[in-house]
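The values are calculated or read from the model by the stated rules, or taken from the named source; none is laboratory data. Source: prediction; values computed, not measured. Ideal geometry is used to build each Cβ from the backbone, glycine not excepted, and the neighbour counts take in all protein chains shown. When the accessible area is computed, the model is the full protein with side chains, heavy atoms only, and any ligands, DNA or RNA have been set aside. Shrake-Rupley method; radii C 1.70, N 1.55, O 1.52, S 1.80 Å.
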Amino acid sequence: GQLRTAPETMLAETEERMMYDGLWSHFWCPLGFATLLRRYLSEAKADFRPGLRADHVAVFSDDRSSLAVQVLLAGEGPGRTGLQAKAHADVLVMAVPAPEAVRILGDLLPAAACDALRLIEYDKRVALALVMDPVLGVAVEAAFGSRAELALDIYAQEGGIHLLSWQNAKRGDFRQGDPVVIVAHSVCGAPAHTMMDNVLEALADRVGLSPAVLASLVQDSKMVDWDVCQMVRPLEGIISDFVVSEPCFVCGPIVVAGDFWAQSSFLGCFCSARAAVRATLTLLQDSK
């Protein structure tokens with residue numbers, strides 16, 4: 001019940017998601033993606049530490065004369081600056097963007113691997129979520145019609161906005177009187193400081209209200225400025241002699257995973273995740 005198949009007729013066609021019958025299966029989380037992650041973390045009995053980032057990794061020999069990993073975690077975000085913690089593991093799976101992998105792992109990776117990772121390229125995008133007054137519900141429902149998403153830049157650039165998503169429709173339980181939730185994604189390279197104005201203008205064109213009126217109906221908002229967003233140049237797109245036999249890279253007890261080893265898509269992420277699990281199981285079995 002955590003996942004629901006998304007009807008393709010409700011989705012917008014984008015450059016990353018071509019709409020051909022049977023090409024993809026899309027799913028929504030009616031209760032929100034965070035709910036799904038909490039369930040997975042609970043079932044895995046994971047030691048989840050929010051607000052801490054991996055800052056340094058060291059490899060050492062444990063009492064069994066096999067390699068293990070120590071990770072230094074540093075606080076990040078309000079109220080967490082200066083916090084530090086350590087974590088130990090038999091195997092470390094590093095599933096972060098390529099620049100972060102190089103920054104954290106440093107000299108633990110071969111020079112050829114680091115050189116290749118530095119050539120991986122990402123674009124920059126901004127996402128903005130708006131919680132708006134329920135009075136807007138009728139107008140938004142009419143603007144979106146039978147769809148949950150509207151792509152605005154397929155045929156022409158329009159005000160710096162790539163996609164408008166009506167989140168209520170994805171949950172499938174929208175009722176008049178509920179707060180209206182809109183999520184917008186910018187086009188590549190759009191600045192964060194113009195995002196709110198661009199979203200309100202794009203929404204105003206569709207609901208027949210002025211941006212000023214819409215601004216007065218915003219009850220809450222959250223913006224994410226993705227400096228490292230969609231991967232646009234994977235390993236296969238760079239000039240390098242470095243190759244991997246599977247879409248992950250194993251170096252001692254460290255497994256580096258990411259779609260950059262394969263292709264920039266959900267499929268690339270899935271393939272790298274499976275390869276990382278296989279590599280981790282092999283490392284754990286070999287250490288027994």
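Details
- Ranked order, Leu130, Leu150 - accessible area, probe 1.4 Å, largest first: Leu150, Leu130
- Glu13 exposes around 100 Å² of accessible area when a 1.4 Å probe is run over every protein chain in place.
- For the stretch 158-210, a Kirkwood radius taken over Cα pairs fed into Stokes-Einstein (25 °C, viscosity 0.890 mPa s) yields D = 202 µm²/s.
- Principal axis extents of the Cα atoms in the chain, from largest to smallest and rounded to whole angstrom, are 69, 41, 37.
- Pairwise centroid distance, computed over Cα atoms, of the stretch 107-131 with the stretch 2-58, Å: 20 Å
- Hydrodynamic radius of the stretch 196-288 per Kirkwood, over alpha carbon pairs, in Å: 17.0 Å
- Cα principal axis extents for the stretch 123-208, largest first, Å: 36, 25, 24
- Extension gain (nm, one decimal) between Ala215 and Val243, 0.36 nm per residue minus Cα-Cα: 5.0 nm
- Sum of -39500 (n - 2.57) over DSSP H runs of 4+, divided by residues of the chain (222 nm, nearest 500): -8500 deg cm²/dmol
- The share of accessible area on the chain that comes from carbon and sulfur is 56 percent, using a 1.4 angstrom probe.
- Placing R0 at 41 angstrom, the Cβ-Cβ distance between Leu281 and Glu13 gives a FRET efficiency of 0.60 after rounding to 0.05.
- Charge context of Gly189, other residues only, Cβ under 13 angstrom, K/R +1, D/E -1: -3
- When His193, His162, His185 are compared by accessible area of protein heavy atoms, the largest-first order is His193, His185, His162, using a 1.4 Å probe.
- In the assembled protein chains, Lys124 presents an accessible area of approximately 60 Å² (probe radius 1.4 Å).
- Solvent exposure, largest accessible area first (probe 1.4 Å, DNA, RNA and ligands not counted), of Phe249, Phe144: Phe249, Phe144
- Average accessible area per residue (Å²) across the chain - probe 1.4 Å, nucleic acids and ligands excluded: 56 Å²
- R0 of 22 Å, Cβ-Cβ distance Arg49-Val93: FRET efficiency to nearest 0.05: 0.90
- A cut-off under 13 angstrom between Cβ atoms defines the neighbours of Val207, and their net charge, with Lys, Arg +1 and Asp, Glu -1, is -3.
- Probe 1.4 Å - accessible area at Thr194, Å² to nearest ten: 40 Å²
- Spin-label model, Gln84/Ala34: points 7 Å from Cα along the beta carbon direction are separated by 3.0 nm.
- Nearby aspartates and glutamates by direct alpha-carbon distance to Lys45 (threshold 18 angstrom, same-chain neighbours under 8 apart not counted): Asp90
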